[in-house]
Amino acid sequence: MTARIGILALQGDFAKHLEAFSELHCEALPVKRPQEVMDCQGLVIPGGESTTIGRLCQRFGVDEAIMELYQRGAAIWGTCAGMILLAKEIEGSDQWRLGLMDIAVRRNAFGRQVDSFETDLTVEGIPDGPVRTVFIRAPYVTRVWGDAKGMAAFDDKIVMVQQGNLLATAFHPELTEDRRVQQYFLGMVQQ
Amino acid sequence: MTEKSTWQTKVGLAEMLRGGVIMDVVNVEHAKIAEDAGAVSVMALERVPADIRAEGGVARMADLHIIEDIMEAVSIPVMAKCRIGHFAEAQVLESLGVDFIDESEVLTPADESFHIWKHDFKVPFVCGCTNLGEALRRIGEGAALIRTKGEAGSGNIVEATRHMRTVMTGIEHLKGLRDDELMTEAKNMGAPFELVQQVAHERRLPVPNFSAGGIATPADAALMMQLGAESVFVGSGIFKSEDPSERAAAIVHATTYYEDPHEVAKACKGLKGAAMVGIDVASLPDEERMATRGW
């Protein structure tokens, strides 16, 4: 059976994630209602505005659906805004979050939009050379603890973390042609 | 190799804004109301389009203090407008560090022959269009995001629907045409051939396409999203209504669940304050229309 991957489509670059997964062996579909979220084996929280996505999650009961999905053991991957929503701590902010991962993040940590960049990163657990990564008003991880493990760093800043079934990237694998990070996540879903 | 401000990072930010509402704000208090209601971005202005329309005179780039105060006050991206062709205003806005520049017909044009060459900038640009040819000319100049113009400050959706349908029909029309036919299409619409070819193959614009100019109600937002907009700009529609906070939240609600009439109905029913008073665009003399500015 192919895995069903939900792409949280309340707001953000969900369309790019859908395109990326459509090239792989899985069923990817946009989800924005609680029941749709709960029908998935894996969930992607896309890039976008973390405050907006967070507010919409709360307002429409999607927050509880994601928590239930997590408790059932489904894999969840957050990119950029998604990473912020998965973090337990957000520096200097009391905005709502899922708070599932043992990480502290700093928002817009590399600067404003004019400081956005692309670079090549070596990622632990992803073979065959560096991954081209796109950082857009990106966060980075200032601290990890517990079971969270850094998988990649740029300029000594942690930008990718895994903790059991949870994956977080500060960058956007959906904006490049390289599908190795998606493959890695599908591996987590199927485990 | 690390590269800053690439095309990918510019269009990437536009992708991040999808499924959202970008709201015009004129001060910090407005910006916070917008952010609390779930706006994905705010457009920092000195006057909303309805006031520009009412007061007349030359409309220019906003006071930089207003823009900076708003950038300080919210964590979402901040956009600002420069006049069409006024690349020096754009340079100033870039130096301030705004996240997006709108080369906008809402301000009085600075140049009637030339738009800004936007590839020269690190900051991404959004530009308005009324048809596919205009959209592709702006993308050719480096716009990373397109919005259909509508008629700003009118509170009337009629021009927004006209422009969105014209763009979508234009894209559909290119489907299945041969390259020799596409060259003629490129000539007729005055657009770069390579971009016309790309649209014909991908059947969508090369950058995200949002809607602007006349959205005043949750149902207006749902209409534009169903016609193909990937996000909406709301200008005067929020802060010229009776209760901006509830209206902002309702328009966000309807934009998120635009394809579900029950949700859009819920968003409408939550509104107690009245919408802004609109104007009949057909009664506007040509010189008062903003959509005809730029080419």
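The values are calculated or read from the model by the stated rules, or taken from the named source; none is laboratory data. The structure displayed is predicted, hence computed values, not measured ones. Please note: Cβ atoms are built from the backbone with ideal geometry, for glycine as well, and neighbour counts cover all protein chains shown.
Some observations on this one:
- Helices (runs of 4 or more DSSP H) fully within segment B:1-87 counting 2 or more residues that are of a type in the set (A, V, I, L, M), under 26 Å from A:ARG59 (Cβ atoms) and in contact (Cβ under 8 Å) with a residue 40 or more places away in the chain: B:7-16, B:28-37, B:64-73
- For segment A:89-97, the condition of being hydrophobic (A, V, I, L, M, F, W, C), part of a loop (DSSP other than H, G, I, E, B) and surrounded by fewer than 21 Cβ atoms within 10 Å (Cβ to Cβ) holds for at least one residue.
- Those residues of segment B:220-252 which are touching a Leu at 6+ places or on another chain (Cβ under 9 Å), touching a residue at least 60 places away in the same chain (Cβ under 8 Å), within 12 Å of chain A (Cβ to nearest Cβ) and buried (at least 24 other Cβ atoms within 10 Å of the Cβ), in sequence order: B:SER231, B:VAL252
- Any hit, segment B:95-102, residues being touching a strand residue (DSSP E or B) at 6+ places or on another chain (Cβ under 7 Å) and among the charged types (D, E, K, R): yes
- No other residue among A:GLY92, A:GLY6, A:GLY61 is over 15 Å from the mean Cα position of the chain (by Cα) and either farther than 29 Å from B:LYS32 by Cα or touching a residue at least 24 places away in the same chain (Cβ under 8 Å) (or both) apart from A:GLY61.
- Single residue of A:VAL114, A:VAL105, A:VAL44, A:VAL123 found to be at pLDDT 95 or above, in contact with a Gly (Cβ under 8 Å, 6 or more places away or on another chain), under 26 Å from A:ASP178 (Cβ atoms) and more than 10 Å from chain B (Cβ to nearest Cβ): A:VAL44
- Counting the residues of segment B:127-155 that are assigned to a loop (DSSP other than H, G, I, E, B) and either buried (at least 21 other Cβ atoms within 10 Å of the Cβ) or of a type in the set (A, V, I, L, M) (or both) gives 10.
- Selection status of A:LEU24, more than 13 Å from the chain's Cα centre (by Cα) and of a type in the set (A, V, I, L, M): yes
- Unmet requirement for B:THR9, which otherwise passes all of (1) modelled with pLDDT under 95; (2) within 13 Å of another protein chain (Cβ to nearest Cβ); (3) in contact with a helix residue (DSSP H, G or I) (Cβ under 9 Å, 6 or more places away or on another chain): (1)
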